[in-house]
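Just passing along the structure, written as structure tokens.
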């Protein structure tokens, strides 16, 4: 099975992780069972209740989250697809210093498609590579892969994008921890030699769930058949999953010579209700069992409700359109 980019944006990778429910059960059952004499039954019951509440508050931290508009560069919020959901970003004030660099976690946005951290670095820096992978973990110990982000070297603000948080974080909210051991300093001349250190940032964040929509009807484009398997929206994103049969991975990734880097033979555009092509679009394709190729499309949702037009084109075969109605 292979995965290749069709556009230039998202790459979704599933991180191997232990089952959250199983971990919760083990923790709740970890206290030794002791025989209880009859006379202190009330006091032991109170102690047990306090312990249970503490455990529930740790694994179910939803009550501790608060939404607020965070002061952050609008350009970075735009590039991360968060310009329209500023009121859904959880305000955070977690700070960590090491090796002369201070990182401050300003805010976090999480939904069913991804997790985005808003960080300030003083002096400006970006996550390094030599210190090992940049990983975000939740209260269940599961790790989420880092996919990159954007940075402003003028003030050290940066966005960091990770996998979507897994179940049951959307129900309970999540207590996330970012741990870094290497930073790449940023300057107007580029990146400087990496700095080793130890930075840990923590936050409690709610997760916006996805809402499923009616999938469009199948379509045929030249020799290829397209079927839509699911469409879902969150406050910040629109996700379309489809599968295609008739064009190989090589066909889907073919580029047409144009005197430069070439243009893709396959293009997928999502047009908002105002007629504007949505920017920041990304898609990945993956061969599945049989003759089908699974295509996963994610775009940033900047407009409100209405009819969105999905246009799929292939060089020499024409194009087709389908309407996605978001109430």
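The values are calculated or read from the model by the stated rules, or taken from the named source; none is laboratory data. It should be emphasised that the depicted structure is a prediction, and the values quoted were computed from it without experimental measurement. Positions of Cβ are generated from backbone atoms using ideal geometry, with glycine treated the same way; all protein chains shown enter the neighbour counts.
Restricting to the stretch 215-238, give me the number of residues that are in contact (Cβ under 8 Å) with a residue 40 or more places away in the chain, crowded, with 16+ Cβ neighbours inside 10 Å and part of a strand (DSSP E or B).
Count: 10.
Is it the case that the stretch 239-254 has a residue that's part of a strand (DSSP E or B), farther than 30 Å from residue 165 by Cβ and in contact (Cβ under 8 Å) with a residue 24 or more places away in the chain?
yes
Here are 100, 81: which of them is on the phi > 0 side of the Ramachandran plot and surrounded by fewer than 20 Cβ atoms within 10 Å (Cβ to Cβ)?
100
Looking at this structure, is residue 173 surrounded by 19 or more Cβ atoms within 10 Å (Cβ to Cβ), touching a helix residue (DSSP H, G or I) at 6+ places or on another chain (Cβ under 7 Å) and touching a residue at least 12 places away in the same chain (Cβ under 8 Å)?
Criteria met by residue 173.
Related question: So which residues in the stretch 147-173 are more than 13 Å from residue 106 (Cβ to Cβ), at pLDDT 90 or above and either assigned to a strand (DSSP E or B) or not assigned by TED's automatic domain parsing to the domain that holds residue 82 (or both)?
The answer is 161, 162.
Name the one entry in 263, 211, 245 that is surrounded by fewer than 19 Cβ atoms within 10 Å (Cβ to Cβ) and under 23 Å from the mean Cα position of the chain (by Cα).
211
Of all the strands (runs of 3 or more DSSP E) wholly in the stretch 90-144, which have at least 1 residues that are modelled with pLDDT of 90 or more, within 14 Å of residue 163 (Cα to Cα) and assigned by TED's automatic domain parsing to the domain that holds residue 162?
Those strands (runs of 3 or more DSSP E) span 101-110, 115-122, 135-137.
Let me ask something else about it. Regarding the stretch 267-288, can at least one residue be identified that is surrounded by fewer than 14 Cβ atoms within 10 Å (Cβ to Cβ) and farther than 30 Å from residue 86 by Cβ?
Yes; the residues of the stretch 267-288 include at least one that is surrounded by fewer than 14 Cβ atoms within 10 Å (Cβ to Cβ) and farther than 30 Å from residue 86 by Cβ.
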